1. So which pairs qualify, if the first residue must be in segment 426-449 and on the phi > 0 side of the Ramachandran plot, the second must be assigned to a helix (DSSP H, G or I), the Cβ gap must be under 6 Å, and the two must be at least 6 apart or on different chains?
2. Restricting the search to segment 211-241, which residues are in a helix (DSSP H, G or I), among the small types (Gly, Ala, Ser) and either open to solvent by 10 Å² or more (accessible area, probe 1.4 Å) or farther than 20 Å from Gln176 by Cα (or both)?
3. Tell me the residue from Leu148, Leu170 that is within 22 Å of the chain's Cα centre (by Cα), assigned to a loop (DSSP other than H, G, I, E, B) and either surrounded by fewer than 18 Cβ atoms within 10 Å (Cβ to Cβ) or at pLDDT below 90 (or both), please.
4. Just to be sure before I move on: is Val191 open to solvent by 10 Å² or more (accessible area, probe 1.4 Å) and β-branched (Val, Ile, Thr) in the structure I sent?
5. So Ile621 ticks every box in (1) over 15 Å from Gln100 (Cβ atoms); (2) open to solvent by less than 40 Å² (accessible area, probe 1.4 Å) but one. Which box is left unticked?
6. State which residue is surrounded by the fewest Cβ atoms within 10 Å (Cβ to Cβ) when the search covers only segment 72-96 and only residues that are farther than 17 Å from Ser493 by Cα and free of Cβ contacts under 8 Å to residues at least 40 places away in the same chain.
7. Going through segment 484-512 one residue at a time, which ones are under 24 Å from Arg85 (Cα atoms), in a loop (DSSP other than H, G, I, E, B) and open to solvent by less than 20 Å² (accessible area, probe 1.4 Å)?
8. Can you list residue pairs whose Cβ atoms sit under 8 Å apart, with the first residue in segment 602-618 being closer than 20 Å to Ala565 by Cα and assigned to a loop (DSSP other than H, G, I, E, B) and the second being open to solvent by 10 Å² or more (accessible area, probe 1.4 Å) and of a type in the set (Asp, Glu)? Count only pairs 6 or more apart in sequence or on different chains.
Amino acid sequence: MALRSALAALGLALLAVATPHPAVAAPATRSFGRTADPLEGVKTSIRLKNFAAAQADLQRLADAGNADAQYLLAVFYLNGLGGPRDPDKAKVWLEKSATQGDAHAAFSLASLYADSDPPDPQATERWLTRARQLGFAPPARNAAKSPLTADSVLIPATRISDSAVKREALWLAAEQGDMASLEALASAPLVAENDEFGRGALARAAEAGHAPALALLLKRGAPVDPADQYGMTPLMLAARAGSLESVDVLLASHANINAVDHKGNTVLMHAAAGGKVAVVERLLSGGAAVAARNVQDWSALDFAEIGGAREAAARLREKGAVALKRSSASSEVALTSVQRAGQGRDLYAGWPDLAVAAARKAPEMLQSLLAHGADPDGVTPQGTPVLSVAVSSGPPATVETLLGAGAHAQHADKRGNSPLLTATRDGREDMVAVLLAHGVSADGSPADPEPPLVAAAKRGQASILGALIAAHAHLEVRDANGSSALMLLAQRSDGADMMRHLLEAGAATETADKAGRTALWYAARAGRAENARVLLEKGADAGHADESGLTPLAAACSAGATATADLLLAKGVHLEARTSHGDTALLLAASAGSRELVDRLLAHHANQDAQNEFGDTALIIASRNGNDALVQSLLKAGASTRLRNKDHLSAADVAAARSFSAIADLLKSA
């Protein structure tokens, strides 16, 4: 359901971009060279769920200074639509958008700072004040609660009119326990609506363990026992999540304590799988049946024992629950077939016996089946090879046995994943070691969606990365975006040591992706000073610009990354290098609102009066953003107050247009 949450947040963000707040005064804007809606292509890609294309277009527009694109790009990072969730990058782009006068971005920034650990009350109040200055009226704040919730403030719930967006917003609020939004959105028709999987707001609140949200939704008319397409009810979801408060709320509304899903799993079984003894005890005291068994003949006790929930298992035994007998084969007769459940009840229907044995971690049966002619290259009806089943479910010994019996490690599942890629993505260092020891190529299969080395780098799996390098994996392999392992590691906070390992093995520093960006560029943009240091020590070109002309220094300045910029400045990089839009490092640092970076660049004799293609100077940008400290630094360095941009506006003009009267007066008197 994480993607649906992200889509809901994105829908709200698009609505915020499309519907400016009526109280926001229209500032002076550039009118030349702009299409009616530069985001239309982005919106089309989002509707088609082509997030890679949408993010690429957003990145291009955001780099060009489009405030709406910067805001939406932040939403992508905040919700993990284009990759792992990255609140730090979201914050960078929200600040860029907010400093250009986007009220929603300012309000969302306040929310992020309020929700940070620990909270930053000064930054929260600063951006709330800025949002109000820009005309945004945030919802009333309850001092007794967290002031803001970062993911749910893209637009106030009371302003949503589109029915589809309102439904998505309700589901998002239910997942997050956002009571203010739920109060505004939870109407009787909406609380009864479900998605294509059969889940609605009540199921989402139950799975997330938000008891107050459940109580509100039930009060507004949500059915208490709606089953999704798998037969799972909200009570099952709450029980599995281990939320005693949520279970109590649902039972108080007469939820069926003995409901059964399509696989025969009861509420008690889900609670046992969750492992919370308090939830198991509550269900037992409420009359949950302990004798029930699912399609695989498992009881609640089986789930507790397999999950290592000892206390829960003890309570179930006290109530008479019985588990399957799991003693090793006591018969001298070889096991040559899997005992199946009755017709219509077999979870492994159609699976080869060997695949079932691999999934069930039954080594004696596995060996017996192979000895009696079972095919080690068999596949399940879902297209998963037996070896891949073992890699995902079994111990390394099972994989050893299958490889020894002749299983082909290049056979992929239906998604194209080889067993090595599957093991890498799952973080199974032991499985990777077994596969490589049996001569499996460290590059995986040609059909793999991404090379195992890239997958290990994306996930920061140092041990697996080391094993693949030792097994002579090609170091310059790429993913679909042209990113290498070195580029991906350059963006990680824990990437330095893994980068050193790659570089010592011969990885090239100057390899570029489809946008012309190198590992150093990515380290600079992510503000990873240590990673940048590693690359520079290995001779990385500090002046290598991407296709838009953005150098590593410019990338660091646009991200407000002072420590990384210092490293690059020490290398004597060209300060006046221009992007395709004419921006210099100083202009980008001013856009990022970083006085520290601007002071550094001025100390290195950057041109304080450089103008981009729009005619903006650093002083005009700082004045437009209301950054009085930055304005003072630039004036002290001799920045001209007379220069005008292509809209014929001076720094004083843009400050006055944004109601920054103190800055306007300072500029007029300079």
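The values are calculated or read from the model by the stated rules, or taken from the named source; none is laboratory data. Since we're looking at a predicted model, the values are computed, not measured. Please note: Cβ atoms are built from the backbone with ideal geometry, for glycine as well, and neighbour counts cover all protein chains shown. The area values use the complete protein model at the heavy-atom level, side chains included, leaving out ligands, DNA and RNA. Shrake-Rupley method; radii C 1.70, N 1.55, O 1.52, S 1.80 Å.
1. Note: pairs meeting the criteria are Gly444/Leu420; Gly444/Leu421; Gly444/Pro452.
2. Ala211, Ala215, Ala241
3. On the way: Leu170 fails: assigned to a loop (DSSP other than H, G, I, E, B).
Just one listed residue meets the conditions, Leu148.
4. On the way: open to solvent by 10 Å² or more (accessible area, probe 1.4 Å): no; β-branched (Val, Ile, Thr): yes.
Answer is no for this residue.
5. All conditions are met except number (1).
6. Within segment 72-96, the match that is surrounded by the fewest Cβ atoms within 10 Å (Cβ to Cβ) is Gly82.
7. Gly495, the sole residue that qualifies.
8. Every condition considered, the pairs that remain are Ala606/Glu576; Asn607/Glu576; Ala610/Glu576.
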